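Here is the structure we will look at.
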């Protein structure tokens, strides 16, 4: 189980690195999208995704859809930690 979660997190980190940002002009709001996948590349539907920035005590949570997709919109630019549990 830990191995599966490890690979989910690796895939997630790669996806976040390539996350889609929606920055217009001088806006400091971003949009982060990703896909949670297992070690075989299959989508992990229903995975719990937590997006947090401890420095400002900010946290958002979501559930990956049937394709493993998740999205956080209109969040301030900064360094965040993403945690996934399946």
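Each reported figure results from applying straightforward, stated rules to the coordinates on display, with no laboratory input. All of these numbers come straight from a predicted model, not from anything done at the bench. Using ideal geometry, Cβ is built from the backbone for each residue, glycine included, and neighbour counts are taken over all protein chains shown.
What the table shows:
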item	result
Residue order, fewest to most beta carbons within 10 Å, for 36, 84, 49	84, 49, 36
Ranked 33, 54, criterion: other C-beta atoms within 10 Å, fewest first	54, 33
Order of 59, 69 under a 10 Å beta carbon neighbour criterion, fewest first	59, 69
Rounded FRET efficiency, nearest 0.05, which uses the C-beta distance separating residue 28 from residue 59 and R0 of 30 Å	0.95
